[in-house]
1. Considering each residue of region 41-54, count those that are in contact (Cβ under 8 Å) with a residue 12 or more places away in the chain and out of contact with any Leu (no Cβ under 8 Å at 6 or more places or on another chain), and give that number.
2. Go through LYS332, LYS320 for me and flag whichever is touching a residue at least 40 places away in the same chain (Cβ under 8 Å) and in the same structural domain as LYS65 (by TED's automatic domain parsing).
3. Provide a single number: the residues in region 180-224 that are out of contact with any helix residue (DSSP H, G or I) (no Cβ under 8 Å at 6 or more places or on another chain) and either of a type in the set (A, V, I, L, M) or outside the structural domain of PRO401 (by TED's automatic domain parsing) (or both).
4. For residues that are assigned to a helix (DSSP H, G or I) and surrounded by fewer than 16 Cβ atoms within 10 Å (Cβ to Cβ), tally how many sit in region 382-404.
5. Pick out the one residue from VAL174, VAL129 that is aliphatic (A, V, I, L, M), under 30 Å from ALA90 (Cα atoms) and not in a loop (DSSP other than H, G, I, E, B).
6. Can you tell me which residue within region 408-418, out of those that are in contact with a strand residue (DSSP E or B) (Cβ under 7 Å, 6 or more places away or on another chain) and within 16 Å of GLN228 (Cα to Cα), is surrounded by the fewest Cβ atoms within 10 Å (Cβ to Cβ)?
7. So, of the residues in region 243-270 that are among the aliphatic types (A, V, I, L, M) and in contact with a helix residue (DSSP H, G or I) (Cβ under 6 Å, 6 or more places away or on another chain), which turns out to be surrounded by the fewest Cβ atoms within 10 Å (Cβ to Cβ)?
8. Taking the condition of being part of a loop (DSSP other than H, G, I, E, B) and buried (at least 23 other Cβ atoms within 10 Å of the Cβ), how many residues in region 70-89 meet it?
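The values are calculated or read from the model by the stated rules, or taken from the named source; none is laboratory data. Keep in mind that this is a model prediction, so the values were computed, not measured. Backbone-built Cβ (ideal geometry, glycine too); neighbour counts: all protein chains shown.
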Amino acid sequence: MKKWLGTTVAMLAAGALLAGCSSSSPGSSNGDEAVTLTYGVWSQEDAMQKIVDAFEADNPKIKVKLQVNPWNEFWTKLQVSAQGGTAPDAFWMLGDRFQVYASNDQLLPLDDAIKDAGIDTSVYPKALVDLFNYDGKQYGLPKDFDTIGLWYNKTLFDAAGVAYPTDQWEWKDVQDAAAKLTDPATGTFGIAAPLNRQEGIYNTIAQAGGEVISADGKKSGYDNHKTQEGLQYWVDFVKNGQSPTLKQLADTEAVAQFENGKVAMYYGGSFYASRFYEDAKLRGEIDVTVLPKGEKRATVINGIQNVGYGKTKHPEELKKFLLFLGGEKAAKIQADTGAAIPAYENTQQAWIDSMPEFALKNFIDQVPDSVVYPVSKNTPAWNELEDKLLAPAWELSESVPDAANALAEAMNKVLAKE
């Protein structure tokens, strides 16, 4: 994940830009007075506006103003506005950021609203529901989820005479294929092996039987030899010249190299499906299957959840909006647009059908083997350490065990302060 950014001037401006709500009086609206809520997101504007329109049609006395900010700006502005009392009423949240906001009383608990509405949270993947529970309180309902798949370029496989990946592939099959698909003469690599958490190392760490962080969130798992096996898997591709180097991937990100036909295989999220599909040429050249098996099967599951600002002036209207966002109607609208895989059970088929050229069902079939994205109270602090201390292993200037052990020591010091 990217770091929060911004100078003092930018932060002050951000607070003004995200100034929250509407109606001057706090609490629920009375009589014919309309209430306006704000809803902060970083993408999927068309799909989210359709959901807002549907909510307003059902709730004519509640208006919702959609606020769209690019990824970096979104988090910078949210950090400042949440501290300053001017955050959007509702906004998107991710698991690695969630605990910072929840622990500072900046989010609205939803337990009573969920209970009063009779919502059965078993309609969502349990791991995602649990991810947004802090100190026994539920702060979010899953909007969508994503898993990771093995995307591959059929044209490059055909040219190299290599059979397409299947759901029976294991690590060795990927390694063998990467060797055959790599062609220095054309500058083509068999696979992209970036130092990437969600799409890369967290998956193979779990597949190797290791862990990023202990279940209680108090100890790093990077000194575990199984965890290190999950890292070595990627470093070996770089060492063997079958992946672009870390520097090359910094110059042109892995997903772009895959789109440009310079990389034959790419561990990528379901969230790239719509982006790939919009490229008519690429659409006919690629497909996706489940992640290859290591010691066991595993894929990281993550997703956006809709949360409410703890200092909203309209908590009752906001709860109603948040429950709608987490409901079946909103999920179906989202699925029809192809924006993301809706988290609400039995609503995913429309997402699959929206891009029939891709075997998208593979993303959903992996849910039973999924592991939740690793987090703690201050995840970004040790995410920075991962980037810094694992890089020498990818640069081949340090062994994987040495880099990972150094990371474990530094990460444990950060965790001890939480």
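1. Here is the first cut: in region 41-54, the ones in contact (Cβ under 8 Å) with a residue 12 or more places away in the chain are 41-52, 54.
Now narrow it down to the ones that are out of contact with any Leu (no Cβ under 8 Å at 6 or more places or on another chain): 42-44, 46-47, 50, 54.
Number satisfying all stated conditions: 7.
2. LYS320
3. Residues in region 180-224 being out of contact with any helix residue (DSSP H, G or I) (no Cβ under 8 Å at 6 or more places or on another chain) and either of a type in the set (A, V, I, L, M) or outside the structural domain of PRO401 (by TED's automatic domain parsing) (or both): 2 in total.
4. Count: 6.
5. VAL129
6. My answer is ALA408.
7. Here is the first cut: in region 243-270, the ones among the aliphatic types (A, V, I, L, M) are 246, 249-250, 254-256, 263-265.
So of that shortlist, the ones also in contact with a helix residue (DSSP H, G or I) (Cβ under 6 Å, 6 or more places away or on another chain) come out as 246, 263-264.
Values: LEU246: 19, VAL263: 30, ALA264: 29.
Residue satisfying both the conditions and the ranking: LEU246.
8. Initial filter on region 70-89 (part of a loop (DSSP other than H, G, I, E, B)): 70, 85-89.
Applying the additional criterion that residues be buried (at least 23 other Cβ atoms within 10 Å of the Cβ) yields 87-89.
Qualifying residue count for the region: 3.
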